[in-house]
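Let me begin by presenting the structure, written as structure tokens, before commenting on it.
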Amino acid sequence: MLVAVTDFGSVWRRRFGKNPDDPRRFARSVYYNTTGIDIAGTTRQRPQIVGYARFNGRGGFNPNRPSQMIGRVFECAEPCVWQGQNKLLFKRLLNAPEKPDSFLVVVRAQLVGKLTIGGTDWRSADTWLISFSECGNQQEAMLLMPEHTWMQTDLGRFVLEPEARRPWVARLVLASV
Amino acid sequence: MKRTIAIVTLAVVGLIAAGPAIAQQRPQSAVALRGQRQAQPQGQRQAPPARPMYQRSDTWYEFLLKQFNPSNFDYGAWMEERRQVFLDESVRNPYFKYSLGTTIALLVVAMIYSKQWIDHRRAMWITAEMMTDLYNHDAYSRGAAREAIEKYNDHIEHCNRAIEAADHGMSISGADSDATSLKSELLSVAEQRDSYKRERDLVKRDLQEKEKLIAEMSLRVDAIGKKTNPSHSATSSVDMSAADPKLVQLINNLQEQLYAERRENRRLKGA
């Protein structure tokens, strides 16, 4: 499946090759992105629902410029549950963007309002909640959402609308309150 | 009228003629008046004798008064008699008291009713004003919410454009001038999107069927593998990478429910 990235979570982790003699140790690195909360100037994970997006260093992901990965389309594996954690593997970055099947969306409570996770009808049925962090009034959630799906917060209903000319770029639009 | 003029003329003439004798006759007149009063009831009972038009024994004003009341009728007694009759028929009559009480009660009831009606009307007016205020406030709130939504969307749009421009080292350009061409393009793209969606749904359905088949086959393979190598089943981690997407979706929903339950438990514990 093809997934376009609209944003990243706040927490990054990486794993390099364990063999220090391997010359391609850093090229084979793996990067994990998940949600986090800013607490007293430090980003903490505070996971309520554990999950992550995994990027392979060999798959074209540039860890030094993650902002350049926003709006790009990746070839991904199907979302799965691995050792109790939700996992979305980003295999390879497409050279030319195509119309994606889904979008990796990260929402924060200070921008879209408080999420009512666990309540009824707070998101479309065909979306997938990868990771969710919460502490106090702060919330951050990472979701996999197809286009035109929606999510409900206490601010209103947000619909993921792709751009007409660039269907791999989408954003959450406040549709109703 | 002529009679009155004649009476006045006679009075003036009489006054001139009898002027010097008035002082001498005054004591006699008072005595005569007293005698006349004593004789009056007898005069009422008996037919009055024919008397001359003007008697020298009376004073001029007695004469004048007799012209207005020739029969010497006691109007005071008559008034008193009529007053007593009126009082007997009104104030001293028990029916009058009942009627007066009923009238006063009816008036009080009418006044109370009027007050209640006025109060009710006032309350209805106040309620109508409050409802109008609420309606206006609701309309204003909806308008403000609509404006806020537009403002929010525009702001996010500008932010996105600014981020993109910063990434590409470009300056932010103004709004697209050829809006009509964009609209037509949007319509054509929307049509394409719909057709793609239909195709996608068909392909999705096929894909789901295939995935289900693969999942069943993988389960069978796992079962066969477990039979051939029992030690393999002791691994602790569960690989669900090849599981049915519906199952993954179910797990996702269960995770949410678990989070909600934990939060509810924390709330109940007072944490």
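Values as computed for the structure displayed
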| quantity | calculated |
| --- | --- |
| 10 Å Cβ neighbours from other chains, averaged over peptide A:165-176 | 3 |
| Theoretical FRET efficiency, 1/(1+(r/R0)^6), r = Cβ-Cβ of A:TRP12 and B:CYS159, R0 25 Å, to 0.05 | 0.65 |
| Linear extension gain, A:ARG58 paired with A:GLN110, 0.36 nm per residue minus alpha-carbon span | 15.3 nm |
| Amide H within-cut-off set for A:VAL5, under 5 Å, with H built and near neighbours excluded | A:GLY71, A:ARG72, A:PHE74, A:LEU104 |
| Ranking of B:TRP78, A:TRP82 by count of other Cβ atoms within 10 Å, fewest first | B:TRP78, A:TRP82 |
| For residues of A:45-56, the mean tally of beta carbons on other chains within 10 Å | 1 |
| Difference of contour (0.36 nm per residue) and Cα-Cα distance, B:GLU62 to B:ILE224 | 42.8 nm |
| Kirkwood hydrodynamic radius over Cα pairs of the range A:131-177, then Stokes diffusion coefficient at 25 °C and 0.890 mPa s, in µm²/s | 207 µm²/s |
| 5 angstrom amide H check on A:LYS114, placed H, neighbours 5+ away | A:ASP154, A:LEU155 |
| Cα-projected label distance for B:ILE5 with B:GLN116, points at 7 Å along beta-carbon direction, nm | 7.1 nm |
| Karplus 3J(HN,Hα) series, Hz, for the range B:194-204 with 6.51 cos²θ - 1.76 cosθ + 1.60 (x for Gly, Pro) | 4, 5, 5, 4, 4, 4, 4, 4, 4, 5, 4 |
| Exposure proxy order (Cβ contacts within 10 Å, fewest to most) of B:CYS159, A:CYS135 | B:CYS159, A:CYS135 |
| The range A:2-176: translational diffusion in µm²/s, Stokes-Einstein, Kirkwood Rh over Cα pairs, 10 °C, 1.306 mPa s | 95 µm²/s |
| Ascending count of other beta-carbon atoms within 10 Å, so fewest first, for A:VAL177, B:VAL109, A:VAL112 | B:VAL109, A:VAL177, A:VAL112 |
| R0 of 51 Å, Cβ-Cβ distance B:ARG83-B:VAL12: FRET efficiency to nearest 0.05 | 0.85 |
| Estimated FRET transfer efficiency (A:ARG65, B:TYR140; beta-carbon r; R0 45 Å; 0.05) | 0.45 |
| Residue of A:LEU94, A:LEU143, A:LEU115 that the Gaussian network model of chain A assigns the largest fluctuation, springs spanning Cα pairs under 10 Å | A:LEU94 |
| Other-chain or far-sequence residues with amide H under 5 Å of A:ARG123's (modelled H) | A:GLN152 |
| Inter-label distance, nm, simple model (7 Å from Cα along the C-beta direction), A:ARG165/B:TYR95 | 10.4 nm |
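Every number here is computed from the coordinates shown, using simple stated rules; none is lab data. Just so we're clear, the structure is a prediction, and the values are computed from it rather than from any experiment. Note that we place each Cβ from the backbone using ideal geometry, even for glycine, and neighbour counts take in every protein chain shown.
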